[in-house]
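Each remark here refers to the structure printed beneath this line.
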Amino acid sequence: MEDKPLPPPQRNATVLLRSEADRVNLASVFKQVEGTDFYMILRPSSTAAQFTRSGDPPAVLIVDIDASDANDISYIRALRAGPIGHVPTIALVDGSKQLAAIGAIRAGADDVILKPANPQEVREALIRVAGIARPSTETANLGRLVAFVHVTGGVGATTLAVNSATALANTRKNDVCLLDLDVQYGNAGNLLDIRKASPVEVLIDEPARLDRDMLESMMIKHDNGVQVLTSPELPFALSSYRSDMVANLIQLARRRYSMVVVDLPVALAPWTDVVLREASVVYLICTPNVASVHRVVQFLRLMDRENLGNLPFRIVLNRHHDRGEGADVSESQFAKAIGRSVDYRISNDYGLISLSHNQGRPAISLKPNSRFSRQLTAMLAAELGESVLKPVERSWWQRSR
């Protein structure tokens, strides 16, 4: 008779509650996270208190805080400076409060879980900071996220996002999605000649309903193989999307698709940082003019101030003129003004892009060998690897089906 393999050891996480109000809801969430024993207590005033049943330091601390409360921020800092400062610490914060996650990270938290919490987010935070939760098969194979940021309106970021999603879908149809998160004036659907809008109003009215089935039902399949979540038919306030909902949307998309392309709004939203933190690369789209210089400098300063400056930002000079004709500033002047070099250049091809917009077909499909198409695919390959633009190899039994 064979011995059954022993189950993995149970690790402990201490949850410091701000009040008793969330105990029941959190207990139901933690119950669904395998491999971890959660010990919930009211937050003691002393940071030298015993934080586990056994007296040994916990494997991780989860601290419920109000990131807008100076006392709570001081509590996190005191924990990190105290006798258990070496223990990985996760802040549990209200996802509806603007920049709450950033405030918690700046106070010293290693990671953040947004409330209302869900088991998947808790599991993934535990994996990131301490490796104490066993990931499911889906979690272990998250897709990669490519974000496009507009520093100002009219720089062509949506055009590049649509064409990038198309380029990626050429080799992995139905495994690439495009999320148009500009809930006010998103234009990705128009550039693809999609005549209807995804019912994203449901995400605003009932965000808790969002799951994989609901996400797939909201996607609109384009002929080029890209699955598109369009902007709403009528504009909504940027704050209509909650941070926890956006985090859930991103995680669901990454579990379902191997590549997730996100087109962000021009204005910063309360949840912008949620998207940026998940990205494999963030393309900051600019044009060679003074307005772009000014906006890029402001944006990068803000990212540094919010401790986000180490994210994979790449400066993309769109509508680039090789000899400087028609540009307000040269590339060298642009780089000097923003204090960093330009990473990629996309040549100005007014005729091709105009034709693309008029026909509702991506430029990369109309002229796959154009200079625009070559530069765009080179940019993607440089950050994501050459393999993303090659057909996915299938096993012999898959090819025979």
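What to note about this one:
- Integer Hz, Karplus 6.51/-1.76/1.60 couplings in order for the range 344-354, x for Gly and Pro: 9, 10, 10, 5, 6, 10, 4, x, 5, 5, 4
- Virtual spin-label span in nm between L302 and S258, 7 Å along Cα→Cβ: 3.5
- By average C-beta atoms within 10 angstrom, highest first, the peptides 205-216, 284-295, 308-319, 379-390: 284-295, 308-319, 379-390, 205-216
- Our coupling estimate for the range 145-154, obtained by passing each phi through the Karplus curve with A = 6.51, B = -1.76, C = 1.60 and θ = phi - 60°, is 10, 10, 10, 10, 10, 8, 7, 7, x, x Hz, Gly and Pro reported as x.
- Separation in nanometres of the label points that stand 7 Å from Cα toward Cβ, at E386 and H321: 3.5
- Taking amide H positions as modeled 1.01 Å from N, with prolines and chain starts lacking one, the residues under 5 Å from L92 and 5 or more places away or on another chain are V63, D64, I65, I113.
- M303 sits among other residues whose Cβ lies under 14 Å from its own Cβ, and their net charge, with Lys and Arg +1 and Asp and Glu -1, is +4.
- Interchain or long-range residues, amide H under 5 Å from F38's placed H: A13
- Contour minus Cα-Cα distance for R209 and R23 (0.36 nm per residue): 64.8 nm
- Here the calculated FRET efficiency for A378 and N174, from their Cβ-Cβ distance with R0 = 35 Å, stands at 0.90, rounded to the nearest 0.05.
- Of all DSSP bridge pairs formed entirely within the range 142-399, close to 5 percent run antiparallel.
- Computed from backbone phi, the HN-Hα couplings of the range 295-301 come to 5, 4, 4, 4, 4, 5, 5 Hz, rounded to whole numbers (Karplus: 6.51 cos²θ - 1.76 cosθ + 1.60, θ = phi - 60°; Gly and Pro given as x).
- Neighbour-count order for S164, S330, fewest beta carbons within 10 angstrom listed first: S330, S164
- Positive-end ranking of G95, Y75, Y39 along the dipole of the range 11-129, with charges on Cβ about the Cα centre, is headed by Y75.
- The helix-based estimate of mean residue ellipticity at 222 nm for the chain, built from -39,500 (n - 2.57) per DSSP H run of four or more residues and divided by its residue count, is -10000 deg cm²/dmol to the nearest 500.
- Segment A337..L42, full-extension length gain: 101.1 nm, with 0.36 nm per residue of separation and the alpha-carbon distance subtracted.
- One chain, two ends: D69 and N310. Fully extended at 0.36 nm per residue, the span grows by 84.1 nm beyond their Cα-Cα distance.
- Note on H294 and S217: their simple-model spin labels are 4.7 nm apart, each label 7 Å out from Cα toward Cβ.
- Nonlocal amide H pairs with V60, under 5 Å, H built at 1.01 Å: T14
- Convex hull volume per residue for the range 189-268, taking Cα atoms only, in Å³: 103
- Note: the range 11-129, Cα convex hull, 94 Å³ per residue.
A short reminder: the numbers here are calculations on the coordinates, not readings from a lab. These numbers were taken from a predicted model, which means no experiment stands behind them. Neighbour counts are summed over all protein chains in view; Cβ atoms, including those assigned to glycine, are modelled from backbone coordinates with ideal geometry.
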